[in-house]
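The block underneath contains the structure these notes are about, expressed in structure tokens.
The values are calculated or read from the model by the stated rules, or taken from the named source; none is laboratory data. Everything numeric in this text was worked out from a predicted model, so none of it was measured. Here the Cβ is made from the backbone with ideal geometry for all residues, glycine too, and neighbour counts use every protein chain on show. Remember, those area values only see protein heavy atoms, side chains included, never the ligands or the DNA or RNA. Shrake-Rupley method; radii C 1.70, N 1.55, O 1.52, S 1.80 Å.
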Amino acid sequence: MYMKESEIRPKELFQEYLELSRKDAEYFDKSKFDKTNCIACNSSDTEKKFEKNGFTYVICKDCGTVFCDPRPSIKVLNNFYRNSASAKFWFEQFLPKVEETRREKIFKKKAIQLVELIREENIKVNTLCDVGAGSGIFLEELNKLKEEIEYFAVEPGNVSSNMLMEKGFPVLKKSVEYADEWKGKFDFVVSLEVLEHVNKPLDFVKAINNLLKSGGSCLITSLGYEGFDILTLGSESNSISPPHHLNFPSVVGFEKLFYRGGFKKVEVLTPGVLDVDIVLNSNHSTEFLEVLKSRGEQALNEFQEFLIKHKLSSHVWVLAKK
Ligand SMILES: [Zn+2]
């Protein structure tokens, strides 16, 4: 049986967070937002897709990436993540309450999957850095599986970077875009669920590339537009949550972004397991969804398997080689 959304996002807590996000979004001075070309392929050929909480999302006609345009500046975003009610709620209320569940349901499993991937792809890893490592749960889980690797963290948050240090991980307390001290230091870099938040995805991808040794690899997880839940629910999807989530590349968009960022080999996978559960728990209903639901749990699980196999889940993994 697959994980359920409610296990990692308890409904009431999550609703409170979404409500705070909606209110925060209203306070932004949209007249000062920056215009941008496609965040994945740099095309200027875009059209409006939808609006949410006063933020506009457009779709790139060349690569199918959906992104917030215009968008808040880096300075405004940094201030938002330090001081906003929704960000504080997320880090101080939401995450601590679900931390152990997330360790079991998400990070432990991701660590096993990553170790498996490293073995399959025959990648030699002596040094590994987690970018946006949070409180270090993923590094702890990796360390349990692969003690021989030396682990590092890049983490700008005060509370999180202190926790990482207490756990014994060397930390660079800054955004990865400014992490030049560790240029060319790592065999492998991971970054979980950061890319969807950043103002300039290309700079972020280049900064990841910069941390890697020549021939090194990275695994970046993020949100993609071409997932069953987002394609079905559109702007009603909780993943479309400005100002937190700004970037939703298509599968092709992810490839273009990472090649532009200097990687030589890029592979996009969508191992997400929640799309079907999210759609069936939403208020959205169609005849197809009703009939699908009536086919029972095995059909639902196999449908999710199909989404994974054909890159149709919104939870994306990008494995890229420098
Ligand atoms: Zn594009």
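Assorted remarks:
- Dipole magnitude (debye, nearest 20) for the chain, charges at Cβ of Lys, Arg, Asp, Glu: 860 debye
- Point-charge dipole on Cβ atoms (K/R +1, D/E -1) for segment 244-322, about Cα centre, debye to 20: 760 debye
- Expected 222 nm ellipticity per residue - DSSP helices of 4 or more, -39500 (n - 2.57), all of the chain, to 500: -11500 deg cm²/dmol
- Calculated on the alpha-carbon coordinates, the convex hull of segment 61-154 measures out at 161 cubic angstrom per residue.
- Using a Förster distance of 22 Å, the FRET efficiency for residue 183-residue 126 (Cβ separation, nearest 0.05): 0.85
- Portion, in percent, of the accessible area of segment 135-205 that falls on carbon or sulfur, probe 1.4 Å: 49 percent
- Sites matching GluC sites (Glu not before Pro) across segment 74-131 that sit in DSSP coil, with at most 16 neighbouring C-beta atoms within 10 Å: 121
- Computed from backbone phi, the HN-Hα couplings of segment 61-70 come to 6, 8, 10, x, 6, 10, 8, 6, 7, x Hz, rounded to whole numbers (Karplus: 6.51 cos²θ - 1.76 cosθ + 1.60, θ = phi - 60°; Gly and Pro given as x).
- The amide H of residue 130, built 1.01 Å from its N in the peptide plane, has 152, 153, 154, 190 as neighbours under 5 Å, considering only residues 5 or more places off or on other chains.
- Surface share of carbon and sulfur [accessible, 1.4 angstrom probe, percent] for segment 259-322: 54 percent
- Around the Cα centre of segment 20-153, unit charges on the Cβ atoms of Lys, Arg, Asp and Glu (plus for the first two, minus for the last two) sum to a dipole of about 500 debye.
- Shape of segment 1-77, Cα gyration tensor, a/c cut at 1.5: oblate
- Contact order normalised by residue count of segment 23-154, Cα under 8 Å, 6+ apart, percent: 16 percent
- Only Cα pairs under 8 Å and 6+ residues apart enter the sum, and on that basis the relative contact order of the chain stands at 19 percent.
- Cut-off 19 Å (backbone N to label point 7 Å along Cα→Cβ of residue 27), residues of segment 240-262: 241-246
- Three-way shape call for the chain based on the alpha-carbon gyration tensor, with the a/c threshold at 1.5: rounded
- Burial ranking of peptide ranges 192-199, 251-258 (average Cβ count within 10 Å, highest at the top): 251-258, 192-199
- Cys with no candidate disulfide partner in the chain (beta-carbon separation under 4.7 Å rule): 68, 129, 218
- The slack in the chain from residue 95 to residue 12, taken as 0.36 nm per residue of separation less the alpha-carbon distance, amounts to 28.5 nm.
- Based on the Kirkwood approach, the hydrodynamic radius assigned to segment 265-322 is 12.5 Å, with every pair of different Cα atoms included.
- In loop segments of segment 93-171 as defined by DSSP, the trypsin sites (Lys or Arg not before Pro) with at most 12 further C-beta atoms inside 10 Å of their C-beta are 124.
- J(HN,Hα) series, segment 226-242, from Karplus relation 6.51 cos²θ - 1.76 cosθ + 1.60, nearest Hz, glycine and proline x: 8, x, 3, 5, 6, 5, 7, 8, x, 5, 6, 4, 5, 5, 7, 10, x
- Between the listed residues 207, 197, 138, the Cα displaced farthest toward the positive end of the dipole of the chain, a dipole computed from Cβ unit charges relative to the Cα centre, is found at 207.
- Cα centroid separation - segment 15-48 against segment 117-192, whole Å: 29 Å
- Relative packing of 278-284, 311-317, which averages over residues the other C-beta atoms within 10 Å, highest first: 311-317, 278-284
- Taken one residue at a time, the phi angles of segment 247-262 give Karplus couplings (6.51, -1.76, 1.60, θ = phi - 60°) of 10, 9, x, 6, 4, 5, x, 4, 4, 4, 4, 6, 5, 4, x, x Hz. Gly and Pro are set to x.
- Overall form of segment 199-322 per C-alpha gyration tensor (a/c, 1.5; a/b vs b/c): prolate
- A simple spin-label model places pseudo-atoms 7 Å from Cα toward Cβ; at residue 287 and residue 115 they are separated by 4.9 nm.
- Distance-filtered residues of segment 123-140 - backbone nitrogen under 12 Å, label point 7 angstrom along residue 150 Cα→Cβ: 126-129
- Distant-in-sequence amide H partners of residue 34 (H built 1.01 Å from N, under 5 Å): 71, 73
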